[in-house]
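First the structure, then my questions, so here it is.
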Amino acid sequence: MCLSVVPAFLIYYVPQAVVRWLNGQEETTHDEQRTLLCLVRYPLLPHGYVMGRVQHEPLVTNHPMGIGLLLESYQQVRDISS
């Protein structure tokens, strides 16, 4: 089933759920973290949410590809506003 419209609550709960699940695990590898973090479409999240929550999340900012995910999100906002 493919949804063309994503319910608003999912926009915020999916990234939070991924981070909470990863933080709740005793041990995860960078590959496991990358797999789950890549499932979240950061460029589609509201910019204010990314700035207020995601960019302050150590799991994202300390992960080798986390900065790339944030930069992709910021680039999307810049492209839209130009």
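Take residue 61 and tell me if it is touching a helix residue (DSSP H, G or I) at 6+ places or on another chain (Cβ under 8 Å), surrounded by fewer than 16 Cβ atoms within 10 Å (Cβ to Cβ) and free of Cβ contacts under 8 Å to residues at least 24 places away in the same chain.
Values: touching a helix residue (DSSP H, G or I) at 6+ places or on another chain (Cβ under 8 Å): yes; surrounded by fewer than 16 Cβ atoms within 10 Å (Cβ to Cβ): yes; free of Cβ contacts under 8 Å to residues at least 24 places away in the same chain: yes.
Answer is yes for this residue.
To keep it simple, each residue is scored yes or no on (1) closer than 17 Å to residue 19 by Cα; (2) not charged (D, E, K, R).
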site: 33; (1), (2): yes, yes
site: 36; (1), (2): yes, yes
site: 39; (1), (2): yes, yes
site: 49; (1), (2): yes, yes
site: 57; (1), (2): yes, no
site: 62; (1), (2): yes, yes
site: 65; (1), (2): yes, yes
site: 71; (1), (2): no, yes
site: 74; (1), (2): no, yes
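Just so you know, all these numbers are worked out from the coordinates, no wet-lab data involved. Predicted model only: the values in this text are computed from it and were never measured. Note that each Cβ is placed from the backbone with ideal geometry, even for glycine, and that neighbours are counted across all protein chains shown.
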